[in-house]
Structure formats: structure tokens, C-alpha cells
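Everything on this sheet refers to the single structure shown next.
The values are calculated or read from the model by the stated rules, or taken from the named source; none is laboratory data. A quick note: this is a predicted structure, and the numbers were derived from the prediction, not measured. Neighbour counts are summed over all protein chains in view; Cβ atoms, including those assigned to glycine, are modelled from backbone coordinates with ideal geometry. Accessible surface areas use protein heavy atoms only, side chains included; no ligands, DNA or RNA. Shrake-Rupley method; radii C 1.70, N 1.55, O 1.52, S 1.80 Å.
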Amino acid sequence: MKKYDFQYTKILETVIFVIGVCFACCLVIFLLLYLKAQVLWIYLIPPIFGIGLFRILRKYFAHNGNAEISETGVEIELSGVSYKFNFADLISHKYVFYKNGPVLYLKTKAKKMRLEANNNVCRSENFEVFCQKLVGDIELYKNGS
């Protein structure tokens, strides 16, 4: 058994966060228009404000998780909740590396899991290593059975 520690993101939280930053930028634009600021300030301040807000708050949207891969399955712990997947019960699995980071899909008859690590919000390197090892072990198990 090997244990992997990684960071991951929750897609809904990330989307709400980005929408919130865009909304805050719009509020800043309306405030500048209300205060009759010069056009230069209206073009400069909102992007600087939005980028700064994103960079400051993004660390709060990265969650820590860990997983243990055994010969017959994987146990993944996310935010204190444990999920166990036996390789024999898996209907499908997929690992994809998109532009924003790796995404892992696991599906059994009883449950589905979509797990991702967005590069813009968290460090995805450890999650990527975990996904590659997990998919390799699943393929070995399926070919060996």
C-alpha cells in the first residue's frame, strides 16, 4: 500500500469563486462610474482588483486529500470523508489532463466520482502522479484478472 497526499478542487466552489470575482469587478466599475472617475482608472483598477482578489483568495479553495492504493482497490479521503473503490467493481475509469489540470473519473454501480485539481487554484503535481499510478494499477488488475 502506498499513500498519496494531494490537493484538489471542488468544481462548484471554483465556479462560484470565479463568478464572485467577476461580480466584484463589475461593482468596482459601477463605483468608479458613479464617482465619475477618469476613463484610465476605469480600465486599470478593475482588472488589477480582480487579479489581486483571485490571487489572494484562491488558496482557500484548494482542499487537501489523500489516498491509499492497494492491490485490489483504492481508498480516497477527501475533507474527512472516505471513499473506497474496489478495482473489480469499477465499471469505468478515466484520467484526462486538461489545460487547467488533471481530472479523474471513477464509476461503479453504486457511486460515481469526479475529482480534479485545477492548476490555477492548487498544486496539481501530486494529484497527477496519484492518477497516473492509480490508472496504471487498475489496468494491471483488469489485465491480470
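So which aspartates and glutamates pass the test for Lys111, namely a Cα distance under 19 Å, with those fewer than 8 places away in the same chain ruled out?
Output for Lys111: Glu68, Glu75, Glu77, Asp89.
Between Arg114 and Cys26, take the C-beta separation as r, use R0 = 30 Å, and let me know the FRET efficiency to the nearest 0.05.
E between Arg114 and Cys26, to the nearest 0.05, is 0.50.
Two-decimal Rg/Rh of region 51-145 from alpha-carbon positions, Kirkwood Rh?
Details: Rg = 14.6 Å, Rh = 14.3 Å.
Across region 51-145, the Cα-based Rg/Rh ratio is 1.02.
Need the full-extension length gain, Ile51 to Asn100, defined as separation in residues times 0.36 nm minus the C-alpha distance. One decimal, nm. Let's see the in-between values first.
Working: separation 49, 0.36 × 49 = 17.64 nm, distance 1.71 nm.
In short, 15.9 nm is gained.
Once label points are set 7 Å from the Cα along Cα→Cβ at both Ala88 and Ser70, what is their separation, rounded to one decimal in nm?
Placing both labels 7 Å along Cα→Cβ, they lie 1.2 nm apart.
Using R₀ = 35 Å, calculate the FRET efficiency as 1/(1 + (r/R₀)^6) where r is the Cβ-Cβ separation of Arg123 and Val39; round to 0.05.
0.35
Counting only heavy atoms of protein chains, what accessible area per residue, in Å², does region 18-145 have with a probe of 1.4 Å? Please list the in-between numbers first.
Details: 8330 Å² over 128 residues.
Normalised by residue count, the accessible surface of region 18-145 is 65 Å².
Ignoring ligands, DNA and RNA, what percent of the 1.4 Å accessible area of region 1-144 is carbon and sulfur?
61 percent
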